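Colleague: Input: one structure, supplied below.
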Amino acid sequence: MAAAVTSPVRSEVLSLFRSFLRTSRQFSDYNIREYTRRRAADAFRENRALADAPTAAAAFAEGKKQLEVAKRQAKNTMFHATLLTKMW
Amino acid sequence: MALSRRILPVLLRRVNGGGWVAPALSFSAPARALSTATAAAEPPPPASDEEESVVVKGVRISGRPLYMDMQATTPVDPRVLDAMLPFYLHRYGNPHSRTHLYGWESDAAVEEARARIAALVGADPREIFFTSGATECNNIAVKGVARFYRDRRRHVITTQTEHKCVLDSCRYLQQEGFDVTYLPVRSDGLVDLAQLEEAIRPDTALVSVMAVNNEIGVIQPLEEIGRICKEKGVPFHTDAAQALGKVPIDVNRMGIGLMSLSAHKIYGPKGVGALYLRRRPRIRVEPQMSGGGQERGIRSGTVPTPLVVGFGAACEIAAKEMDYDHRRAAALQQRLLDGIRAQVDEVVINGSMEHRYPGNLNLSFAYVEGESLLMGLKEVAVSSGSACTSASLEPSYVLRALGVEEDMAHTSIRFGIGRFTTEEEVDRAIELTVHQVKKLRDMSPLYEMAKAGIDLKSIEWSQH
């Protein structure tokens, strides 16, 4: 299974980014919601310049892992959202 | 009273505007007999807007305040919670159980967390011991080291701005017959290295200086202090609860012998901390918790796997995010400071600006009374001074050690900026603070006099 590691296709990356934005909206806590959106945007912007395939593929894989974590926890906070939500 | 609450809605009608009105019925007499006089004056329960606002301590607020008290505690990062949950759900074994899978996997998770924490500070995993928090670590460090070497060493050095648990442990040691030197700090909060070097005696058991102060955010010169302690052969203990994951720590470069770490200051769970104890040269402590000898005998008691795993995850995240968070915190602190200074004058920053962790800004507003300032800032969760001392009315001892005058010490506010703080929150905090300060200064005759050029210290207040 020694296939060369390929860097992710542009459409894949954009789709992952959009998933992050969608997932961030599910957080009921304002701070976590904003952080998820902002951190994802900054990370994708920073990694845009990654030239060689292995690091780009590693970053993409890491991004997918983080997306799974975010999705799980967004559901959690939805169930535990209290009446006293934030001022905004 | 409860009975009348149940009966009244049946007998009376609710009208618009929230009042109650008794129907003009012939059997209103029984209703009269059951109801008490206060029932008519009773305010109706809030109906549909119960979810939107709440009255807390006499103030009506319509949502949670925005959180700017990161030095007291931090919210748990969702990634940390994600790492912890399996250990509350199905992997609930005791890590000290050696005979089954539950114990083995729990132990593996604890060791992995230990390695992550060690990596963040440049230590070996065998040098990390889990405790219930930085307070317990400080107790073990101060009392444990002093008692272990009590035959040959009778002196402990610390500073006046240390956390209460360190100062209290030192006071406890004084009762046992140790000498304790409480080093003063300069007006910018930094310890004077020459004074420290002078204070070290041949029988000094420990030097304890905290890395980042929780009240004023000042970073002490750890490398220099470590170098001095190494030359003199004295163990160097630092309380790095506020520093971990925020400023780079390297125990070898900084010559640190013991270090207290806390999880809930770096977006981890509350109730867990870790003590770093150097192996080469080996620093010995007398354990404060007796029991089954867990954690190599240093701290007995079941290691709480979910909390420890959370701590490890928080450290891993902090290692990756330190630069990003630091840049953001610095930018937000500048924004906060510029925003406030642009609109109010006579604002004093407590503590050095150069040697500061940017997420901690402690400001004093002249001619403003502290308690009333805080009362008006109910929409922002800030603190004045440290949470430990907020129960009493005395001004913070840290500010007093800096030489800040009593009236300025009373008006100090500590703004904490963290990973999750947004620009909008900072702007709103500026708005609220400036509004409240201006309101109070408008009412303040002292401010008027100061503006007119009168020197307040020269006034002879008349005795009544």
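The values are calculated or read from the model by the stated rules, or taken from the named source; none is laboratory data. Quick caveat, the model's predicted, so the values are computed rather than measured. Because the Cβ atoms are built from the backbone with ideal geometry, glycine has one as well, and the counts that use them run over all protein chains shown.
Colleague: Filtering segment B:96-148 down to residues that are part of a helix (DSSP H, G or I) and polar (S, T, N, Q), which residue is farthest from B:Leu277 (Cα to Cα)?
Modeller: Among those that are part of a helix (DSSP H, G or I) and polar (S, T, N, Q), it is B:Ser106.
Colleague: Are there any pairs with C-beta distances below 6 angstrom linking a residue in segment A:59-71 that is facing chain B (nearest Cβ under 9 Å) to a residue that is part of a helix (DSSP H, G or I), with the two at least 6 apart or on different chains, and if so which?
Modeller: From segment A:59-71, the pairs are A:Val69/B:Arg79; A:Val69/B:Asp82; A:Ala70/A:Thr23; A:Ala70/A:Thr36.
Colleague: Moving to a separate point now. Quick check on segment B:420-437: of everything there that is out of contact with any Phe, Trp or Tyr (no Cβ under 8 Å at 6 or more places or on another chain), surrounded by 21 or more Cβ atoms within 10 Å (Cβ to Cβ) and among the hydrophobic types (A, V, I, L, M, F, W, C), which residue is nearest to B:Ser372 (Cα to Cα)?
Modeller: B:Ile430
Colleague: Checking the conditions here, which among B:Leu81, B:Leu66, B:Leu85 is over 21 Å from B:Ser260 (Cα atoms) and more than 23 Å from the chain's Cα centre (by Cα)?
Modeller: Step by step, each of B:Leu81, B:Leu66, B:Leu85 is checked, and only B:Leu85 is over 21 Å from B:Ser260 (Cα atoms) and more than 23 Å from the chain's Cα centre (by Cα).
Colleague: Let me ask something additional. For segment B:80-119, give me each residue that is among the acidic types (Asp, Glu) and either within 14 Å of chain A (Cβ to nearest Cβ) or without any contact (Cβ under 8 Å) to a residue 12 or more places away in the chain (or both).
Modeller: B:Asp82
Colleague: Continuing with the same structure: Return the residues of segment A:1-52 that are more than 13 Å from chain B (Cβ to nearest Cβ), in a helix (DSSP H, G or I) and β-branched (Val, Ile, Thr); say none if nothing qualifies.
Modeller: A:Val13
Colleague: Evaluate segment B:217-225: report whether one residue or more is at pLDDT below 95, surrounded by 15 or more Cβ atoms within 10 Å (Cβ to Cβ) and either outside any strand (DSSP E or B) or touching a Cys at 6+ places or on another chain (Cβ under 7 Å) (or both).
Modeller: yes
Colleague: What residue, among those in segment B:376-405 that are within 14 Å of chain A (Cβ to nearest Cβ) and out of contact with any Asp or Glu (no Cβ under 6 Å at 6 or more places or on another chain), is modelled with the lowest pLDDT?
Modeller: The selected residue is B:Lys378.
Colleague: Inside segment B:405-418, can you point out the residues that are more than 19 Å from B:Tyr357 (Cβ to Cβ) and out of contact with any Phe, Trp or Tyr (no Cβ under 9 Å at 6 or more places or on another chain)?
Modeller: Result: B:Glu405, B:Glu406, B:Ala409, B:His410.
Colleague: B:Asp323 passes all but one of (1) within 28 Å of A:Ala43 (Cβ to Cβ); (2) in contact with a Pro (Cβ under 6 Å, 6 or more places away or on another chain); which number fails?
Modeller: That leaves (2) as the condition not met.
Colleague: In segment B:353-385, which residues are acidic (Asp, Glu) and closer than 21 Å to B:Ala240 by Cα? So that I can check it myself, show each step before the final result.
Modeller: Here is the first cut: in segment B:353-385, the ones acidic (Asp, Glu) are B:354, B:369, B:371, B:379.
Within segment B:353-385, B:Glu354 is the sole residue that qualifies.
Colleague: Would you mind stating whether B:Glu424 is assigned to a helix (DSSP H, G or I), within 14 Å of chain A (Cβ to nearest Cβ), more than 21 Å from B:Ile349 (Cβ to Cβ) and within 26 Å of the chain's Cα centre (by Cα)? Don't jump to the end; show me each part of the working.
Modeller: Values: assigned to a helix (DSSP H, G or I): yes; within 14 Å of chain A (Cβ to nearest Cβ): yes; more than 21 Å from B:Ile349 (Cβ to Cβ): yes; within 26 Å of the chain's Cα centre (by Cα): yes.
So B:Glu424 passes the test.
Colleague: Does B:Ala452 satisfy being away from chain A (no Cβ under 14 Å) and either at pLDDT 90 or above or buried (at least 22 other Cβ atoms within 10 Å of the Cβ) (or both)?
Modeller: Criteria not met by B:Ala452.
Colleague: Is it the case that some residue within segment B:186-193 is loosely packed, with under 15 Cβ neighbours inside 10 Å, touching an Asp or Glu at 6+ places or on another chain (Cβ under 8 Å), on the phi < 0 side of the Ramachandran plot and of a type outside the set (A, V, I, L, M)?
Modeller: Yes, that holds for at least one residue.
Colleague: Against the condition among the hydrophobic types (A, V, I, L, M, F, W, C), within 26 Å of A:Phe27 (Cβ to Cβ), surrounded by 17 or more Cβ atoms within 10 Å (Cβ to Cβ) and modelled with pLDDT of 95 or more, how does B:Ala109 come out, does it pass?
Modeller: Answer is no for this residue.
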